[in-house]
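Heads up, the thing below is written out as structure tokens.
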Amino acid sequence: MRRLIFSFCLLLSFVAIAAGQQFDLVVEGGRVIDPESGLDGVRNVGVREGKIVRVSVEALSGRRVVHAAGLVVAPGFIDLHQHGQEMESQRVKALDGVTTALELEIGAPDVAQFLKSKEGHSLIHYGTSASHVAARAAVFGAPLPAEVIGPHAGIPEILPKSGPATDQPATPEQIEAIRERLRTELDAGGLAVGMGIQYTPGATRLEVIDMFRLAAERRLPVFTHARSTGRVEPGSAIEAGSEVIGAAAITGTALHIVHINSTCLRDSLECLSMVEGARARGLDVTTEAYPYIAGMTAVNSALFNPGWREKLGIDYGDLVLPDTGEHLTKARFDELHSSSVTRWVLIFANTEEVVDKVIPHPLVMIASDGATGHPRNAGTYSRVLAQYVREKGTVTLMDAIRKMTLMPAEMLERSTLAARQKGRLQEGADADIVVFDAGTIRDRATFEKPMEPSVGVRYLVVGGAVVVDEGKVVPEVFPGRAILGPGKGRSDANR
Ligand SMILES: [Zn+2]
């Protein structure tokens, strides 16, 4: 009898455990790929309270079960370089598999305002660096508008018009004022110092080093669009790369060089070997690229100060207005460059051949540099999976996912320990998950139709919430959370 009671109690406790194992969400029977552990196998994934709590071959029960047989289940993609932070962009990012999209290259002009504007209505996770470009413009008396959603199709105002604030050197007092502003922005939750050196050509080499010193003071990385592009010396891409790698060496700051493809163009492999060499000597230098032959930027910015045609090796006609498809002429360029109204232009300066060599490079992570007007906003991740993994076969599926998840997460760990829970499909990680069809995933965005969403992402889970369901964005679900730098906690504690 006692044995029977004991068995009965045992049975009850099993039932209790089983009931306790009811998950909020189960992603069932997909091919789970996790670059950190090397897992590539069919598993069931149990999610509870926004976390991945079980990755198992055993059957799991959930209040919601997503059937993923035949589909890839991977950590959600992390885009370190996304300018368009408005909902329209977030929707196409979600359909491209992105669960976190951060404005780290330049940074929002006002970190606190940016974070406030996103809170409670963001589809995916967001965050920003503290902007050297904006701090400098403010100190020179030409502040950028703080609004995150500007009048230009939702692109934040992050770049000043070419003028004294971009082209003149700063005095020592101004440099200290810029640093002070950046400290405030970092205290508001900035994840790094963002520097668009090509947009502030007046910044001296010493000003650059001083900004790296500031980042070092906070043990935060510098993300940078380097000073120059092309082969013309002085001022080549090689020199520009040397400048920031040198600043990293001098200050001990971690350095992320953005879009090495569009900064270095035909010298991209040389630039990559510089990054490789710096890393081999113990420097913390990383980089990224996007899979397109054109860039895009503000036509009235300092990037188009005299000499740009020689630097980029292109002419007026290689600049195209994204909204109309108009190729510029000298007269039209002059008009737009001198205008105080920001217009964006596509810059056709690279070749397929270069991009094809850059994307597979083991040091290159994928980041989109996305904003409305350029297909990279909507198509970057699917394009890599379609063109480089499936069609050209130059990147393995595991490596592509590594470039989109683990590598950016590890970069982000320089800014926040919270990133350790991202970019992994493991028990204990955040439930940011993409479920896609590796056989059909592809980008549909083109230079003519840049906001066409990608196809092939069947489900996207952000913090445990399903935001893409059977290939469609779920309306009115906003699980996106801020990813904050360490300054935020510090400033809150001091309050
Ligand atoms: Zn850039």
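The values are calculated or read from the model by the stated rules, or taken from the named source; none is laboratory data. A quick note: this is a predicted structure, and the numbers were derived from the prediction, not measured. Cβ placement follows ideal geometry from the backbone for every residue including glycine, while neighbour counts extend to all protein chains displayed. All accessible areas refer to the heavy atoms of the entire protein, side chains included, with ligands and DNA or RNA removed. Shrake-Rupley method; radii C 1.70, N 1.55, O 1.52, S 1.80 Å.
Annotation: amide H of residue 66 within the under-5 Å range of 26, 27, 28, sequence separation 5 or more or interchain, hydrogens built in the peptide plane.
Mind checking the full-extension length gain between residue 331 and residue 305? Use 0.36 nm per residue of separation minus the Cα-Cα distance, one decimal, nm. Before the final figure, lay out each step's value.
Values: separation 26, 0.36 × 26 = 9.36 nm, distance 1.51 nm.
Between residue 331 and residue 305, full extension yields 7.8 nm more.
Other residues whose C-beta falls under 15 angstrom from the C-beta of residue 322 contribute a net charge of -3, scoring Lys and Arg +1 and Asp and Glu -1.
Would you mind checking 116/311; 93/357; 330/392; 357/488; 51/118; 311/488 for any pair whose Cα atoms are more than 32 angstrom apart? The partial results should precede the final answer.
Numbers: 116/311 39 Å; 93/357 25 Å; 330/392 38 Å; 357/488 40 Å; 51/118 22 Å; 311/488 40 Å.
Listed pairs above 32 Å: 116/311; 330/392; 357/488; 311/488.
The angle between the Cα long axis of helix 205-217 and the main principal axis of the chain comes to about 30°, on a 0 to 90 degree scale.
Along the charge dipole of the range 196-310, Cβ charges K/R +1 and D/E -1, which of 264, 228, 216 sits furthest on the positive end? Working it through, the farthest residue towards the positive pole turns out to be 216.
Return the tail of the calculated pair distribution for the range 376-460, meaning the percent of Cα-Cα pairs more than 23 Å apart. Cα-Cα pairs in the range 376-460 separated by more than 23 Å: 29 percent. Annotation for the range 61-112 versus the range 215-248: alpha-carbon center distance of 28 Å. The charge dipole of the chain, taken about its Cα centre with unit charges on the Cβ atoms of Lys, Arg (+1), Asp and Glu (-1) only, comes to about 1400 debye.
For residue 254, the amide hydrogen comes within under 5 Å of the amide hydrogens of 222, counting only partners 5 or more places away or on other chains and with H modelled in the peptide plane. If only the Cβ of Lys and Arg carry +1 and only the Cβ of Asp and Glu carry -1, the dipole of the range 331-393 around its Cα centre is close to 200 debye. Ligands, DNA and RNA are left out, and with a 1.4 angstrom probe the accessible area of the range 196-264 is 29 Å² per residue.
Which value does Rg/Rh take for the range 330-398 over its C-alpha atoms, Rh per Kirkwood?
On the way: Rg = 16.0 Å, Rh = 14.4 Å.
That ratio equals 1.11.
The residues neighbouring residue 128, those whose beta-carbon lies less than 11 Å from its own, together hold a net charge of -3 under the Lys/Arg +1, Asp/Glu -1 convention. Show the residues, 5+ positions off or on another chain, whose built amide H is closer than 5 Å to the amide H of residue 43. For residue 43, whose amide H was placed from the backbone, the distant partners under 5 Å are 29, 30, 32. From the square roots a ≥ b ≥ c of the eigenvalues of the alpha-carbon gyration tensor of the range 286-330, which class results: rounded (a/c under 1.5), prolate (a/b over b/c), or oblate? Note, shape of the range 286-330 comes out oblate. With a Förster radius of 25 Å applied to the C-beta separation of residue 315 and residue 242, the computed FRET efficiency comes to 0.35. Across all Cα atoms of the chain, the radius of gyration (one decimal) and Dmax (whole number) stand at 23.3, 98 Å.
The solvent-accessible area of residue 416, taken with every protein chain present and a 1.4 Å probe, is close to 20 Å².
Computed from phi, the 3J(HN,Hα) profile of the range 103-113 under the Karplus parametrisation 6.51, -1.76, 1.60 (θ = phi - 60°) reads 8, 10, 4, 9, x, 5, x, 9, 4, 4, 5 Hz, with x in place of Gly and Pro.
What the phi angles of the range 131-144 give under the Karplus curve with 6.51, -1.76 and 1.60, with θ = phi - 60°, is a coupling list of 8, 5, 4, 5, 5, 5, 4, 5, 5, 7, x, 10, x, 6 Hz, glycine and proline written as x.
Hey, what's the Kirkwood Rh for the range 201-277 if you take every pair of different alpha carbons, in angstrom? Intermediate results must be reported in sequence, preceding the final value.
Details: mean 1/r = 0.0802 Å⁻¹.
One decimal place: 12.5 Å for the Kirkwood radius.
Scoring 378-387, 314-323, 449-458 by mean Cβ neighbours within 10 Å over their residues and listing the highest first yields 378-387, 449-458, 314-323. Take 174-186, 251-263 and order them by the average number of nearby Cβ atoms within 10 Å per residue, most first; the result is 251-263, 174-186. Report, as a whole number in µm² per second, the diffusion coefficient that Stokes-Einstein gives for the range 173-331 at 10 °C and 1.306 mPa s using the Kirkwood radius over alpha carbon pairs. Using the Kirkwood radius from Cα pairs, D works out to 96 µm²/s. Remark: the range 387-393, residue by residue, has Karplus-estimated 3J(HN,Hα) of 7, 8, 7, 8, 8, 7, x Hz, where x stands for each Gly or Pro and the curve is 6.51 cos²θ - 1.76 cosθ + 1.60 at θ = phi - 60°. Simple spin-label estimate for residue 324 and residue 87 gives 3.0 nm between the two label positions (7 Å along the Cα-to-Cβ direction from each Cα).
Here the chain exposes an accessible surface that is 55 percent carbon and sulfur, computed with a 1.4 Å probe and the other protein chains kept in place.
For the pair residue 492 and residue 59, the difference between a 0.36 nm per residue extended length and the Cα-Cα distance amounts to 151.5 nm. Given a 1.4 Å probe and the protein chains as shown, residue 211 ends up with an accessible area of around 0 Å².
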